[in-house]
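What follows is a single structure, written as structure tokens, with notes after it.
The values are calculated or read from the model by the stated rules, or taken from the named source; none is laboratory data. Since we're looking at a predicted model, the values are computed, not measured. All Cβ positions, glycine included, derive from the backbone under ideal geometry; neighbour counts span all protein chains shown. Keep in mind that these areas ignore ligands, DNA and RNA; they rest on the heavy atoms of the full protein, side chains included. Shrake-Rupley method; radii C 1.70, N 1.55, O 1.52, S 1.80 Å.
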Amino acid sequence: MQSAPFELETAAAGVPGLRRVAIDPVSRVEGHGKVTLLLDEHDRVQQVRLHIVEFRGFEKFIQGRPYWEVPVMVQRLCGICPVSHHLAAAKALDHVVGVDRLTASAEKLRRLMHYGQILQSHALHFFHLASPDLLFGFASDAGRRNIVGIAAAYPEVAKQGVLLRRFGQEVIRLTAGKRVHGTGAIPGGVNRAVSRAERDVLLGDIYQIVAWSRQAVHLVKRLHAADPALYDGFGTFRSNLLSLVGADGKLDFYDGRLRARDADGRLLVDEFPVRDYQELISEEVKAWSYMKFPFLTALGPQEGWYKVGPLARVQNCDSIATPLAEAERREFIDYGQGTLIHAPLAYHWARMIELLHTAETIKDLLHDDDLSTGELVHSGKRHHSGVGVIEAPRGTLIHHYRVDDDDLVTMCNLIVSTTHNNQPMNEAIRRVARRYLDGRQLSEGLLNHVEVAIRAFDPCLSCATHALGRMPLQIELLDAAGQVIDRLSSPA
Amino acid sequence: MKTILLDGLPLPFADGQTIMEAATEAGIFIPHLCHHPEFKPQGSCKLCTVKANGRYVSACTLPAKDGMEVENNSPDLNDKRRTLLQMLFVEGNHFCPSCEKSGNCMLQALAYELEMLTPHFEQFYPDRPVDASHPEVLLDFNRCILCELCVRASRDVDGKNVFALSGRGIRKHLIVNAESGRLADTDFSLADKAAQVCPVGVILQKRKGFAIPIGRRRYDVEPIAMQVECAPSRTSGEQES
Ligand code: SF4
Ligand code: FES
């Protein structure tokens with residue numbers, strides 16, 4: 001069926017005869033979300049609305065500020081991947097200060113910082129947030145489904161998760177200056193090198209880190225093998241893919257050109273220069289959501305939406321430059337038997353292949369003397385605008401600035417990873433809700449399954465990174481007249 | 001020889017020296033913001049408040065007198081100083097984690113020194129646009145603590161009168177002496193003394209920002225109270241460790 005992959009909810013807001021089920025993640029801070037399920041008269045899930053309150057004030061806030069402040073200031077945007085914003089902003093401002101090519105040392109130092117960030121983020125996501133669901137089962141005792149439960153049942157897995165993350169944080173600290181709110185990247189380069197002694201400390205651990213990352217891939221593969229029907233089918237929907245791809249089609253998180261594939265894996269665009277992103281991507285605004293819905297302009301909003309993040313990247317590239325991760329990529333591609341893998345739960349597998357690649361890349365970088373010597377900053381002819389694109393842990397991250405003659409920012413446009421995945425997350429929830437919502441009764445099972453589907457995408461909701469891995473939810477079932485006919489909350 | 005007793009320690013002083021000068025010469029730190037050893041004392045920030053013979057006075061303006069008993073480093077005085085700092089913090093926009101002056105800022109360094117853990121008072125969040133008109137220097141008025149060091153430096157050293165304070169009380173603010181109010185329309189230059197004296201992050205050399213990493217800046221290396229000797233060379237520019 002040709003139209004099925006791109007089938008979207010089409011009902012307009014307030015359609016009579018639709019019942020509404022609202023699932024509220026009760027968050028501790030901002031980054032707060034809510035899920036609404038709209039039923040038709042046959043009690044079938046017709047629409048899904050994932051509401052995420054993003055911190056959108058930044059684009060206004062940064063206007064009128066000096067450009068050199070931006071890479072540091074922008075980390076206030078998100079407490080979850082500040083390094084990605086730091087680097088995307090610095091990349092955009094490189095162009096403003098006329099630097100199209102960093103010095104070898106600067107590029108390698110930034111790359112090291114970025115790969116350290118991905119390592120710690122992927123480790124946090126998989127071990128702390130996702131592994132409890134995957135190892136204990138989605139419907140298991142909620143009190144146990146957290147890293148503490150993992151530590152009790154699988155002490156070795158928990159230990160590796162904690163130490164992988166700590167290693168990534170240490171890489172960030174040495175390159176950015178601090179674990180949070182670092183200042184390492186500046187327009188045109190970086191402000192610090194990594195000394196020989198600092199490299200030696202990291203080198204002392206890196207072989208263990210590579211080995212554990214490899215074990216993490218094997219763990220995910222065993223989970224898939226144990227229940228292929230679940231892992232292949234849970235919330236699965238087809239869509240396009242988008243990511244940066246590096247030179248020679250290699251997987252690259254730091255730099256490259258944009259590539260998009262359709263749901264069958266055919267190239268839609270390739271080698272697309274990031275500075276022209278506005279020609280490639282448009283964003284649809286929907287009345288019910290603060291978050292926009294990006295799509296490939298040429299295909300339109302119905303057919304042009306796409307997935308970003310690990311599942312997109314690992315299948316979008318032609319190869320991975322490091323041998324262990326490349327072998328895993330091949331096995332992953334083979335698992336798809338010639339078709340793209342669209343299963344949300346396969347995000348975890350792809351994410352662990354990326355974890356392995358970051359570990360191997362960090363190992364190679366740490367042997368490189370350019371990290372410790374050489375020019376750190378360049379400058380060139382000033383320009384009035386710059387676009388910086390990076391593959392953040394959660395997917396493609398776009399920063400775009402305009403700067404006036406007085407050095408002040410006059411315009412800022414950001415498209416963050418979670419926004420690219422907006423439609424895909426809605427779609428995954430819809431599939432899961434259709435499968436697990438039983439009549440007019442809300443159940444724990446539904447709640448857990450919706451949560452697992454959202455989490456696969458690793459959205460940067462602060463509630464999704466609740467310290468113990470739980471996303472407390474509230475569900476309300478409303479009838480067409482707006483009457484609450486059922487209500488359910490998960491333990492916080 | 002004439003002496004004062006500072007926290008019980010006898011300190012010699014020369015005629016005409018203030019308590020601040022006597023202490024500084026002996027390497028003893030008295031918290032201060034509007035005081036600068038190269039300029040005439042001004043006595044406006046009150047951070048240097050000490051108790052001399054039982055009375056609260058400004059150490060930067062009060063001449064030392066033989067036999068004067070001065071209390072400086074006491075919980076009572078440091079509590080009062082901390083409150084003054086808290087008021088300065090909320091009155092402007094001082095967001096240290098993304099401020100390029102972090103590590104070179106006296107206000108921040110004193111907040112650490114006096115263990116100010118929260119702003120305590122409600123934030124004013126003033127909205128003061130920056131002046132980026134000058135090719136070399138940016139003015140971010142959001143951080144001005146009205147110490148008038150730039151006013152004094154421009155008037156007394158540079159002979160230019162580029163800066164002035166205007167308004168009264170809560171409305172008092174720093175202005176640029178030009179019809180347009182813009183720094184570009186004055187004869188201000190990066191080489192001016194006034195470009196070097198701001199203790200906080202108002203008068204900034206453009207495009208330097210975070211070129212010196214946080215962690216390797218003046219007060220990152222050693223707490224402000226340990227840098228009494230260096231006070232005469234205080235500058236606004238970043239310094240290598
Ligand atoms: S600009 Fe700086 S030196 Fe001038 S009054 Fe304000 S805080 Fe003091
Ligand atoms: S330093 Fe004495 S009043 Fe400011």
Protein-protein interface of the range B:108-141, residues with accessible area decrease of at least 30 Å², isolated chain reference, 1.4 Å probe: B:VAL130, B:ALA132, B:LEU138
Please list, in chain and number order, the residues 5+ apart from A:GLU284 or on another chain whose amide H is under 5 Å from its amide H, with Hs placed from the backbone. A:PHE293, A:PHE295
Quick one: of the DSSP bridges fully inside the protein assembly as shown, what percent are antiparallel, nearest 5? 95 percent
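Using the 2.2 N^0.38 Å rule of thumb for compact globular proteins, work out how the range A:58-422 stacks up: its C-alpha Rg over that value, please. Before the final figure, lay out the partial values.
Numbers: Rg = 20.1 Å, N = 365, 2.2 N^0.38 = 20.7 Å.
Taking the Cα Rg and dividing by 2.2 N^0.38 Å, one obtains 0.97.
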Positive end of the dipole of the protein assembly as shown, charges at C-beta (+1 Lys, Arg; -1 Asp, Glu), about the Cα centre: which of A:VAL148, B:ALA23, A:LEU93 has its Cα farthest in that direction? A:VAL148
Max mean-square fluctuation residue, GNM over chain B, Cα-Cα springs under 10 Å, options B:LYS40, B:LYS80, B:LYS208: B:LYS208
One checks the Cα atoms of the range A:342-428 and finds Rg and Dmax, in Å, of 18.5, 49
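Looking at the range A:58-422 only, what percent of DSSP beta bridges run antiparallel? Nearest 5 please.
Expressed as a percentage, antiparallel bridges in the range A:58-422 total about 90.
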With θ set to phi - 60°, apply the Karplus curve 6.51 cos²θ - 1.76 cosθ + 1.60 along the range A:100-111 and write out the HN-Hα couplings as whole Hz, x wherever there is a Gly or Pro. 8, 9, 6, 5, 4, 5, 4, 5, 5, 5, 5, 4
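Pairs A:LYS91/A:LYS381; B:LYS160/B:LYS193; A:LYS108/A:LYS250; B:LYS101/B:LYS208; B:LYS46/B:LYS193; B:LYS101/B:LYS160: which are spaced more than 20 Å apart, C-alpha to C-alpha?
On the way: A:LYS91/A:LYS381 16 Å; B:LYS160/B:LYS193 10 Å; A:LYS108/A:LYS250 17 Å; B:LYS101/B:LYS208 10 Å; B:LYS46/B:LYS193 24 Å; B:LYS101/B:LYS160 25 Å.
Distance filter (> 20 Å) returns B:LYS46/B:LYS193; B:LYS101/B:LYS160.
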Before we go on, tell me the buried accessible area for the B/A pair, both chains summed, 1.4 Å probe, in Å² to the nearest 100. 1700 Å²
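Under 1.5 on a/c is rounded, so check that first for the range A:69-113, then, if it is not, pick prolate when a/b is larger than b/c and oblate when it is not; a ≥ b ≥ c are the square roots of the alpha carbon gyration tensor eigenvalues.
Working: a/c = 3.29, a/b = 1.47, b/c = 2.25.
In terms of gyration-tensor shape, oblate.
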Using unit Cβ charges (K, R positive; D, E negative) and no other charged atoms, how large, in debye to the nearest 20, is the dipole of the range B:3-73 about its Cα centre? 300 debye
What lysines could a cross-link reach from B:LYS2, if we take a straight Cα to Cα line under 16 Å and drop same-chain neighbours fewer than 8 places away? B:LYS65
Using Cα centres only, tell me the gap between the range B:30-70 and the range A:146-204 in whole Å. 47 Å
Among GluC sites (Glu not before Pro) in the range B:97-181, those in a DSSP loop whose Cβ has at most 15 other Cβ atoms within 10 Å are B:GLU115, B:GLU122, B:GLU136, B:GLU179
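What value, in deg cm²/dmol to 500, does the helix sum -39500 (n - 2.57) over DSSP H runs of n ≥ 4 give at 222 nm once divided by the residues of chain B? Before the final figure, lay out the partial values.
Working: 5 runs with 40 residues, N = 241.
So the calculated ellipticity at 222 nm is -4500 deg cm²/dmol.
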For chain B, what % of the accessible area comes from carbon and sulfur atoms, probe 1.4 Å? 52 percent
Could you name the aspartates and glutamates in cross-link range of A:LYS159, using Cα to Cα under 19 Å and dropping any fewer than eight places away on the same chain? A:ASP133, A:GLU170, A:ASP205
What residue among B:SER58, B:SER133, B:SER102 has the largest mean-square fluctuation in a Gaussian network model of chain B, using Cα springs under 10 Å? B:SER133
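Pairs of alpha-carbon atoms within less than 8 angstrom and 6+ residues apart define the contacts here; what relative contact order does the range A:58-422 have, in percent? Don't jump to the answer; show the numbers that get you there.
Details: 703 pairs, mean separation 100.5, N = 365.
Relative contact order for the range A:58-422 comes out at 28 percent.
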Rounded to the nearest percent, how much of the accessible area of the range A:194-301 (1.4 Å probe, protein heavy atoms only) is carbon and sulfur? 51 percent
Give the lysines whose C-alpha is closer than 20 Å to that of A:LYS292, dropping any in the same chain fewer than 8 places away, or say none. A:LYS34, A:LYS60, A:LYS307
Provide a list, ordered by number, of residues in the range A:156-189 showing at least 40 Å² less accessible area with every protein chain present than when their chain is taken on its own, using a 1.4 Å probe. A:THR183
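Express the accessible area of the range B:96-240 per residue in Å², computed with a 1.4 Å probe while the remaining protein chains stay in the model. Kindly include the intermediate steps, with their values, before the conclusion.
Details: 6750 Å² over 145 residues.
Accessible area per residue, the range B:96-240: 47 Å².
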Suppose every Lys and Arg Cβ carries +1 and every Asp and Glu Cβ carries -1, with no other charges. What dipole size does the range B:96-240 come out with about its Cα centre, to the nearest 20 debye? 200 debye
When the convex hull of the Cα atoms of chain B is projected onto a plane and the area is averaged over all directions, what value comes out in nm²? 13.2 nm²
